[in-house]
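See below for the structure under consideration.
The values are calculated or read from the model by the stated rules, or taken from the named source; none is laboratory data. A quick note: this is a predicted structure, and the numbers were derived from the prediction, not measured. Backbone-built Cβ (ideal geometry, glycine too); neighbour counts: all protein chains shown.
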Amino acid sequence: MKYSQIKALISNPGQSYWYDRRYAISNEFGVIAYVHADCEQMAIDEAVDSGHMDCMAMSPEDYAEYESNGWDDSYILAGNAGEPFWCEYLSIREV
């Protein structure tokens, strides 16, 4: 991966001096965002709010079906708006 491609995946590049931790958020195809944050939840919320996790967004129909069937381990509510996102193949690790 080229430096320019990695740089495009950084969710909040101007905040690197505020946080000691950096996280890589990945799905089954690879890294979708690098985020500077205090904790994993904050990193996911920042990635959602910056639009880096739009590929993991659930449709309203899927969310209604999963919620009614009680499949709570397949999605998360993230970001400032609390939108539903697939989390089955989502991983986060500190880098």
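Data table
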read-out: Test: residue 17 is modelled with pLDDT under 95 and out of contact with any Asp or Glu (no Cβ under 9 Å at 6 or more places or on another chain); value: yes
read-out: Count - residues of region 69-92 that are surrounded by fewer than 13 Cβ atoms within 10 Å (Cβ to Cβ) and at positive phi; value: 2
read-out: Residue list for region 1-53, filter: among the hydroxyl-bearing types (Ser, Thr, Tyr) and surrounded by 11 or more Cβ atoms within 10 Å (Cβ to Cβ); value: 11, 16, 19, 23, 26, 34, 50
